[in-house]
1. Say we look at the stretch 265-314 and pick out the residues that are surrounded by 24 or more Cβ atoms within 10 Å (Cβ to Cβ) and among the aromatic types (F, W, Y); which of these is farthest from the chain's Cα centre (by Cα)?
2. Scan the stretch 232-255 for residues that are out of contact with any helix residue (DSSP H, G or I) (no Cβ under 6 Å at 6 or more places or on another chain) and not in a strand (DSSP E or B) and jot them down.
3. Just the residues that are out of contact with any helix residue (DSSP H, G or I) (no Cβ under 7 Å at 6 or more places or on another chain), touching a residue at least 40 places away in the same chain (Cβ under 8 Å) and hydrophobic (A, V, I, L, M, F, W, C), please, taken from the stretch 28-51.
4. Please verify whether F154 is modelled with pLDDT of 95 or more, touching a His at 6+ places or on another chain (Cβ under 6 Å) and in a helix (DSSP H, G or I), treating the condition exactly as stated.
5. Considering each of R156, R203, R183 in turn, give the residue that is surrounded by fewer than 21 Cβ atoms within 10 Å (Cβ to Cβ), more than 19 Å from A477 (Cα to Cα) and either under 16 Å from the mean Cα position of the chain (by Cα) or touching a residue at least 24 places away in the same chain (Cβ under 8 Å) (or both).
Amino acid sequence: MSAERQPLQPLQSAYRLNFVSKEQLDLLQTATLEIMENVGVRFPSQKALTIFAEHGARVDWEKQIVYLKPDQVFKALSTAPRYFVMGARDASLDLQLQDGVTYFTTDGCGVETIDFETRQRRPSCKDDVGKMARVSDYLGSIGFYWPMVSAQDFKRTAPLHELDASWNNTVKHVQSETVMGERSCRYAVEMATVIAGSPEERRLRPPLSLVVCTIAPLVQDEPGIEGALVMAEASIPVGFLAMPTLGTTAPATLAGAFAMADAEIISAAVLMQLHAPGAPVFHSLMQAWADPRTGAYVSYSQDSRCRYAPVQMAHHWGLPSLAACYGTDALEAGNWQGAGEVALDPFMAGLVSPEIVTGMGLAETYTLLYPEQLILDDDLYHRARYYLMGMEVNQETLAAEAIRAVGPGGNFLGQKHTREHFRTSLVRGVAQQLGPDNKYRQPREVALEKVAWILKNHYPEPLEAAKQAELALILKAADAELN
């Protein structure tokens with residue numbers, strides 16, 4: 001019998017923090033519009049350039065650069081939905097995006113893993129994708145699943161096999177960042193239609209979403225953007241993720257980097273609306289730094305105060321936001337750096353309230369999977385979830401009767417009120433788990449044990465045999481064509 005999964009526990013903050021003011025948001029948006037109108041964004045895709053030209057945008061065909069006037073941008077974005085549904089295999093786990101509710105997902109797509117059994121470092125494979133999907137299916141902190149590592153045993157069709165492993169091991173929504181190109185995306189749409197049951201149901205409750213990375217500075221990825229057009233046609237949510245590196249691929253100031261990256265995101269979102277008005281799109285901006293001494297990529301710095309300003313920027317455009325948490329630069333799980341860099345992330349994200357957030361479970365700057373890292377990140381998530389809750393103050397919690405009964409100098413162990421609340425007053429995380437000697441255990445050891453327990457005891461409802469067979473046929477065709 002399978003262990004019952006934890007109920008979904010999204011962040012729902014009683015508080016709200018503005019990282020940037022309304023005036024600053026207006027200045028950032030104006031700068032973004034000026035970049036799109038006067039500098040332009042390169043779209044190395046004849047299909048994309050043609051769509052822009054047909055809708056009146058100025059196109060430099062030789063340089064493949066598109067220039068958009070502000071009124072063209074706002075008119076196109078007027079059809080983009082502010083909220084939409086991210087469907088799941090199990091309809092009770094559909095995510096209706098809404099204000100004040102934040103769903104987290106795993107990080108992806110790493111290329112190496114610490115083996116579940118041998119603890120040796122090795123390239124990742126499809127089986128790893130499926131195992132971590134099962135762990136994610138169990139955890140209440142995970143609203144949807146982003147394949148954490150690459151199915152490198154399937155070469156060019158690895159992204160499609162990652163989807164197959166995901167849907168066979170979780171009933172939650174699945175998001176990909178690796179499916180790219182028109183042909184691969186058409187196969188992915190076909191697979192999503194099988195999962196949904198029909199094209200109509202896929203449009204209402206899409207079980208798949210896609211993240212497409214832009215290329216800094218001010219360039220779109222050809223297979224990414226052409227695949228995104230296919231997804232938009234199918235009403236599958238597409239997010240555009242800009243990852244500017246301050247000082248190398250972006251200005252060395254946060255405001256300049258944000259405005260430039262925003263132009264990459266918004267120009268792509270405009271294209272989706274011109275091609276398929278009403279297509280669900282979302283906004284994502286995750287900056288990093290270049291170490292001026294070495295040129296090394298640094299995803300965390302002590303000055304990360306504006307890490308969540310892009311969430312407000314997305315909302316200022318009227319778009320949902322995919323924010324970034326976790327993804328430590330630490331080289332292994334469970335050390336000071338791995339906790340210190342990410343400890344505030346879910347709390348700060350909750351204060352600005354993005355609709356969705358990625359990042360749980362990887363180390364070494366989003367490339368290496370330690371299975372236990374997901375449990376450690378889950379622990380930090382729940383700390384933040386409790387921090388963000390309002391305190392309950394009422395007659396029961398004030399315990400006035402118990403206080404009167406005990407009076408000065410007594411204790412509360414014998415009180416009925418204590419018996420009713422004592423076991424739930426301490427919420428145990430990985431740092432408060434007791435061993436046989438009644439001493440607290442090492443958190444990393446607890447996390448490793450929990451991964452093993454989930455893999456042994458939790459098996460999500462299996463995908464129907466007929467749907468498994470249909471996915472297998474689609475993958476067979478894709479392997480034959482694309483490999």
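1. Y308
2. The first filter runs over the stretch 232-255 and keeps only residues out of contact with any helix residue (DSSP H, G or I) (no Cβ under 6 Å at 6 or more places or on another chain), leaving 233, 236-237, 239, 241, 243, 245, 247-249, 252-255.
Result: E233, I236, P237, M243, G247, T248, T249, A252, T253, L254, A255.
3. V39
4. Yes; evaluated as a whole, the condition is true for this residue.
5. Within the list R156, R203, R183, the selection yields R203.
This table checks each residue for (1) surrounded by 14 or more Cβ atoms within 10 Å (Cβ to Cβ); (2) out of contact with any Phe, Trp or Tyr (no Cβ under 9 Å at 6 or more places or on another chain); (3) modelled with pLDDT of 95 or more; (4) closer than 18 Å to D378 by Cβ.
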residue	(1), (2), (3), (4)
A402	yes, no, yes, no
V430	yes, yes, no, yes
A469	no, yes, yes, no
A478	yes, no, yes, no
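For (1) of a type in the set (D, E); (2) touching a strand residue (DSSP E or B) at 6+ places or on another chain (Cβ under 9 Å); (3) under 22 Å from L319 (Cβ atoms); (4) part of a helix (DSSP H, G or I), each residue gets a yes or a no:
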| residue | (1), (2), (3), (4) |
| --- | --- |
| M1 | no, no, no, no |
| P7 | no, no, no, no |
| N18 | no, no, yes, no |
| E23 | yes, no, yes, yes |
| D26 | yes, no, yes, yes |
| M36 | no, yes, yes, yes |
| K47 | no, no, no, yes |
| Q72 | no, no, yes, yes |
| Y83 | no, yes, yes, no |
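The values are calculated or read from the model by the stated rules, or taken from the named source; none is laboratory data. Since we're looking at a predicted model, the values are computed, not measured. Neighbour counts are summed over all protein chains in view; Cβ atoms, including those assigned to glycine, are modelled from backbone coordinates with ideal geometry.
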